[in-house]
Amino acid sequence: MKVIKRDGRAVEYNKEKIATAIEKANREVSVSERAKKKDINTIIKYIEGLDKKRILVEDIQDIIEMKLMELGKFDLAKRYIVYRYNRALVRKQNTTDESILGLIKNQNKELMEENSNKNAIIASTQRDLIAGEVSKDLTKRILLPEKITKAHEEGVLHFHDADYFLQPIFNCCLINIGDMLDNGTVMNGKLIESPKSFQVACTVTTQIIAAVASSQYGGQSVDLKHLGKYLRISSEKFKKEIVEEFKGKLDEKTIEQLVKIRIKSELSSGVQTIQYQINTLMTTNGQSPFVTLFLNLEEDDPYIKENAMIIEEILKQRYQGIKNEKGVYVTPAFPKLIYVLDEHNCLKGGKYDYLTKLAVKCSSKRLYPDYISAKKMKENYQGNVFSPMGCRSFLSPWKDEFGNFKFEGRFNQGVVTINLPQIAILANKDEEKFYRLLDERLELCYEALMCRHYALLGTRANVSPVHWCYGAIARLKPTDVIDPLLKGGYSTLSLGYIGIYETTKLMKGLSHTTKKGHDFAISVMKKLKEATEKWKRESGLGFALYGTPAESLCYRFATIDKNRFGEIKDVTDKGYYTNSYHVDVREKIDAFAKLSFESEFQSLSTGGAISYIEIPNMVNNLKALENVVKFIYDNIQYAEFNTKSDYCHVCGFDGEIIVNDKLEWECPNCHNKDKAKMNVTRRTCGYLGENFWNVGKTMEIKARVTHL
């Protein structure tokens, strides 16, 4: 029998520990009240007679208390309860020493790999992680209700970002960059006026991004359409300067050519500023700004010509990459790029098809851009097209007092994710029990999300002036509270979910890609959606269903459930749960069928959803990628390619690593070789940590990134 400890570890059952604990309590009572050896043996035999493969340590202690009272040893039972309570207090007195010292000594593997965007070796990042450990400790022990903490510890749900819950800061947002550029802003007590050129606008944009990222814990997104105006300002300024300098000596055509040369240089420099600033800045939370750039051409935009130029330059520079410390061009993790497909650029003869071809070329070599179909998004969001927040969660449509839809300047308060496979394990194919447990656990999720909401109520604007006073979200007075922005659906609270595939497999014995499995999976999704709609009606808050890009959470839930329930085929035996509604990676399904299938789930998961397809190196097969992009436009709202390129840690090469006839990796740049596991990292998501490798029988080397 395995005993599951409070931290999730499974240890061998040891009856001597039970006897020792009761004997300690025995010493605190009179002789007549003590449990005899035969009484202790009776209790031990009862526990062992349960014949469980796994048992929680708390369950053992509950049984001991119950049996002592059955024996009439009430005073002893009381002493045991007090002993148990005191032990709990000792555990709670200091829970951070070990984790923090492990971090400093580079031994806390879980904490060091929890966020793939942070380098936990660097002192500034460690400072943020140390603060996070203190916050998590206080959050679990003091700030959250005990039942929410217990549910988090047992993998019933995941209370996201407890390492920032101590502070009155929120998750992610869409920066109102247009307002901040046009009307000016203030940073560090210094006035920044509206830019007078494209280059300055790009610099100010990156400064805003860094300031915003430093005062929230999630990602942010910037719609680059607001920069087109400043490119035109630069163009007009250049023309005026040339005309004044040459005073009628040049004809109009020559003037235009000179303006074109100067604007091309300014455009290149401005975009380079954005790319390099974002990748070299370090926010106060120990990482580069977690930012997404939204690339969307709108037909009625007066600056559509300039914005097309900006998008083209961004894609060209992303295709080239950024040089690493060895001088080799690599793919930067940030900024993330999202490219919008619309009628004028969906590769059906539109005016801006050339930009989409360039985007596809970039996807063939680099990790981004992702693709959003304006056609499908308008179906799901009342005719609107807008960026997801940096964490890929979407806002719900919301109208201002004039009846206009507003998305920029809004934010997400927080996320709580439910562990669906655990419910299915407990239900054991009983659907009535499954839905009863689901209802109970959804109520827990609601309470946890309300903890998020209540923690932000009463926050004054001066805690983060860049957000609340100077335009990123609002322009409040420093002493104003942000409460109105937390209510009425202006901001969102997200219910995340993990493991639709595993849940369906457990309940129906089939994948959700089958007819029977699909119907069950959709019914679960609708139940989740109905819960958020109910909460929205009853509370007046903006709840939404979010297909969490779960990263390490897929592993956390699976590990907890494996320790508790053992290995279950196609569920806990894999070591991870499948992200949200996604098709299991081991299923044989082509890219078009996968996207078409997952599209139905995206329309239900309107608080956030993205679908992935894995592709090999496609640099020499752009036509195939173009066909997929056309399909995305007509069939699914949001999709991304995971390009199977590699990264050599010896020389920094970022491309396709070849496998020779000896089953060795061989870097084509520096010719470094090693068998199976060498200094190479699979670049499906930008993660640079340790991977699991295995060599396939057909000389194909496969990888599974540990945090996805």
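The values are calculated or read from the model by the stated rules, or taken from the named source; none is laboratory data. All figures in this text were calculated on a predicted structure; none of them were measured in a lab. Reconstructed Cβ throughout: ideal geometry from the backbone, glycine too, with neighbour counts over all protein chains shown. For the accessible areas, the whole protein counts, side chains as well, though only heavy atoms, and no ligand, DNA or RNA atoms are used. Shrake-Rupley method; radii C 1.70, N 1.55, O 1.52, S 1.80 Å.
Report yes if Asp370 is open to solvent by 10 Å² or more (accessible area, probe 1.4 Å) and among the acidic types (Asp, Glu), otherwise no.
On the way: open to solvent by 10 Å² or more (accessible area, probe 1.4 Å): no; among the acidic types (Asp, Glu): yes.
So Asp370 does not fit the description; no.
Read through the list (1) of a type outside the set (Asp, Glu); (2) in contact with a Phe, Trp or Tyr (Cβ under 6 Å, 6 or more places away or on another chain); (3) farther than 25 Å from Gly178 by Cα, then give the number of the only condition that Ile278 fails.
Unmet for Ile278, out of (1) of a type outside the set (Asp, Glu); (2) in contact with a Phe, Trp or Tyr (Cβ under 6 Å, 6 or more places away or on another chain); (3) farther than 25 Å from Gly178 by Cα: (3).
Any residue at all in region 376-393 that's in contact with a strand residue (DSSP E or B) (Cβ under 9 Å, 6 or more places away or on another chain), without any contact (Cβ under 8 Å) to a residue 40 or more places away in the chain, open to solvent by 10 Å² or more (accessible area, probe 1.4 Å) and small (Gly, Ala, Ser)?
yes
Would you please name the residue that is farthest from Gly132 (Cα to Cα), looking only at residues in region 264-286 that are in contact with an Asp or Glu (Cβ under 9 Å, 6 or more places away or on another chain) and among the hydrophobic types (A, V, I, L, M, F, W, C)?
Leu267
From the residues in region 609-633 that are open to solvent by less than 50 Å² (accessible area, probe 1.4 Å), touching a helix residue (DSSP H, G or I) at 6+ places or on another chain (Cβ under 7 Å) and not in a helix (DSSP H, G or I), which one is farthest from Lys588 (Cα to Cα)?
For region 609-633, the residue satisfying everything is Ala609.
State whether one or more residues within region 422-437 are in contact (Cβ under 8 Å) with a residue 12 or more places away in the chain, outside any helix (DSSP H, G or I) and closer than 22 Å to Tyr581 by Cβ.
Yes, there is a match, as at least one residue in region 422-437 is in contact (Cβ under 8 Å) with a residue 12 or more places away in the chain, outside any helix (DSSP H, G or I) and closer than 22 Å to Tyr581 by Cβ.
Any idea which of Ala25, Ala35, Ala77 is within 29 Å of Thr149 (Cα to Cα), in contact (Cβ under 8 Å) with a residue 40 or more places away in the chain and of a type in the set (A, V, I, L, M)? Walk me through it before giving the result.
Numbers: Ala35 fails: within 29 Å of Thr149 (Cα to Cα); Ala77 fails: in contact (Cβ under 8 Å) with a residue 40 or more places away in the chain.
When all the criteria are applied, what remains is Ala25.
Can you pull out the residues in region 155-195 that are assigned to a strand (DSSP E or B), buried (at least 21 other Cβ atoms within 10 Å of the Cβ) and either of a type in the set (S, T, N, Q) or more than 20 Å from the chain's Cα centre (by Cα) (or both)?
As a first pass, look at region 155-195 and keep what is assigned to a strand (DSSP E or B): 157-159, 172-174, 185-187, 190-192.
Still in the list and also buried (at least 21 other Cβ atoms within 10 Å of the Cβ): 157-159, 172-174, 185.
Matches in region 155-195: Thr185 only.
From the residues in region 289-314 that are under 19 Å from Pro388 (Cα atoms) and assigned to a loop (DSSP other than H, G, I, E, B), which one is farthest from the chain's Cα centre (by Cα)?
Top of the filtered list is Glu298.
Looking only at region 349-407, filter to residues that are outside any helix (DSSP H, G or I) and among the hydroxyl-bearing types (Ser, Thr, Tyr); which one of those is nearest to the chain's Cα centre (by Cα)? Walk me through how you get there before you give the answer.
Step one: list which residues in region 349-407 are outside any helix (DSSP H, G or I), which gives 349-352, 366-373, 381-407.
Within this subset, residues satisfying the condition of being among the hydroxyl-bearing types (Ser, Thr, Tyr) are 352, 368, 371, 373, 381, 387, 393, 396.
Details: Tyr352: 31, Tyr368: 16, Tyr371: 17, Ser373: 21, Tyr381: 22, Ser387: 15, Ser393: 9, Ser396: 18 Å.
Looking at residues that are outside any helix (DSSP H, G or I) and among the hydroxyl-bearing types (Ser, Thr, Tyr), I get Ser393.
Output the number of residues of region 412-456 satisfying the condition of being more than 24 Å from the chain's Cα centre (by Cα) and open to solvent by 10 Å² or more (accessible area, probe 1.4 Å).
Of the residues in region 412-456, 13 are more than 24 Å from the chain's Cα centre (by Cα) and open to solvent by 10 Å² or more (accessible area, probe 1.4 Å).
So which residues in region 466-506 are closer than 16 Å to Lys429 by Cα, open to solvent by 10 Å² or more (accessible area, probe 1.4 Å) and either of a type in the set (A, V, I, L, M) or out of contact with any Asp or Glu (no Cβ under 8 Å at 6 or more places or on another chain) (or both)?
Correct list: Leu506 only.
With respect to Leu258, determine if the residue is assigned to a helix (DSSP H, G or I) and under 22 Å from Leu315 (Cβ atoms). Let's see the steps before the verdict.
Details: assigned to a helix (DSSP H, G or I): yes; under 22 Å from Leu315 (Cβ atoms): no.
Spelling it out, it is not the case that Leu258 is assigned to a helix (DSSP H, G or I) and under 22 Å from Leu315 (Cβ atoms).
Within region 453-475, which residues are in a helix (DSSP H, G or I), touching a residue at least 60 places away in the same chain (Cβ under 8 Å) and within 21 Å of Phe159 (Cβ to Cβ)?
Taking region 453-475 as the starting set, the residues that turn out to be in a helix (DSSP H, G or I) are 453-456, 461-463, 465-468.
If we keep only those that are touching a residue at least 60 places away in the same chain (Cβ under 8 Å) too, we end up with 453, 455-456, 463, 465-467.
His453, Ala455, Leu456, listed by residue number.
Could you tell me whether any residue of region 296-306 is of a type in the set (A, V, I, L, M), farther than 27 Å from Gly608 by Cα and at pLDDT below 95? First the steps, then the outcome.
From region 296-306, those of a type in the set (A, V, I, L, M) are 297, 304; that's our starting set.
Now drop any that are not farther than 27 Å from Gly608 by Cα, which leaves 304.
Restricting the remaining residues to those that are at pLDDT below 95 gives none.
No, region 296-306 contains no residue that is of a type in the set (A, V, I, L, M), farther than 27 Å from Gly608 by Cα and at pLDDT below 95.
So which residues in region 290-310 are hydrophobic (A, V, I, L, M, F, W, C), in contact with a strand residue (DSSP E or B) (Cβ under 8 Å, 6 or more places away or on another chain) and closer than 20 Å to Met377 by Cβ, if there are any at all? Steps first, answer last, please.
To start, the set of residues in region 290-310 that are hydrophobic (A, V, I, L, M, F, W, C) comprises 290-291, 293-295, 297, 304, 308-310.
Now narrow it down to the ones that are in contact with a strand residue (DSSP E or B) (Cβ under 8 Å, 6 or more places away or on another chain): 290-291, 293-295, 297.
The answer is Leu293, Phe294, Leu295, Leu297.
Go through region 315-330 and give me each residue that's outside any strand (DSSP E or B), open to solvent by 10 Å² or more (accessible area, probe 1.4 Å) and at negative phi. Write out each step before concluding.
Pass one, region 315-330, residues outside any strand (DSSP E or B): 315-321, 324-328.
Now narrow it down to the ones that are open to solvent by 10 Å² or more (accessible area, probe 1.4 Å): 316-317, 319-320, 324-328.
Selection gives Lys316, Gln317, Tyr319, Gln320, Asn324, Glu325, Lys326, Val328.
Inspect region 137-154 for any residue being more than 26 Å from Ser387 (Cβ to Cβ), open to solvent by 80 Å² or more (accessible area, probe 1.4 Å) and modelled with pLDDT under 65 and give the result as yes or no.
no
Kindly check whether there is at least one residue in region 511-533 that is assigned to a loop (DSSP other than H, G, I, E, B), modelled with pLDDT of 95 or more and within 24 Å of Ala448 (Cα to Cα). Walk me through how you get there before you give the answer.
Of all residues in region 511-533, those assigned to a loop (DSSP other than H, G, I, E, B) come to 511-514.
Then drop every residue that is not modelled with pLDDT of 95 or more, which leaves 511-514.
Adding the requirement that they be within 24 Å of Ala448 (Cα to Cα) leaves none.
Checked against the condition, which is being assigned to a loop (DSSP other than H, G, I, E, B), modelled with pLDDT of 95 or more and within 24 Å of Ala448 (Cα to Cα), region 511-533 yields no hits at all.
So which of Gln216, Gln199 is out of contact with any Pro (no Cβ under 6 Å at 6 or more places or on another chain), crowded, with 17+ Cβ neighbours inside 10 Å and farther than 30 Å from Val259 by Cα?
On the way: Gln199 fails: farther than 30 Å from Val259 by Cα.
Step by step, each of Gln216, Gln199 is checked, and only Gln216 is out of contact with any Pro (no Cβ under 6 Å at 6 or more places or on another chain), crowded, with 17+ Cβ neighbours inside 10 Å and farther than 30 Å from Val259 by Cα.
Scanning region 7-56 for residues that are polar (S, T, N, Q) and in a helix (DSSP H, G or I), which turns out farthest from Ile560 (Cα to Cα)?
Restricting attention to region 7-56, the residues satisfying the condition of being polar (S, T, N, Q) are 14, 20, 26, 30, 32, 41-42.
Then keep just the ones that are in a helix (DSSP H, G or I); that gives 20, 26, 32, 41-42.
On the way: Thr20: 28, Asn26: 34, Ser32: 43, Asn41: 31, Thr42: 31 Å.
That would be Ser32.
Do you know which of the residues in region 547-570 that are aliphatic (A, V, I, L, M) and buried (at least 22 other Cβ atoms within 10 Å of the Cβ) is farthest from Ile610 (Cα to Cα)?
Once the filter is applied, the top-ranked residue is Ala558.
Determine whether region 219-234 contains at least one residue that is open to solvent by less than 50 Å² (accessible area, probe 1.4 Å) and of a type in the set (Val, Ile, Thr).
Keep residues of region 219-234 that are open to solvent by less than 50 Å² (accessible area, probe 1.4 Å), which gives 219-224, 226-228, 230-231, 234.
Restricting the remaining residues to those that are of a type in the set (Val, Ile, Thr) gives 222.
Checked against the condition, which is being open to solvent by less than 50 Å² (accessible area, probe 1.4 Å) and of a type in the set (Val, Ile, Thr), region 219-234 yields at least one hit.
Name the residue that is farthest from Gly390 (Cα to Cα), counting only residues in region 534-556 that are at pLDDT 95 or above and not in a strand (DSSP E or B).
Out of the qualifying residues, it is Glu538.
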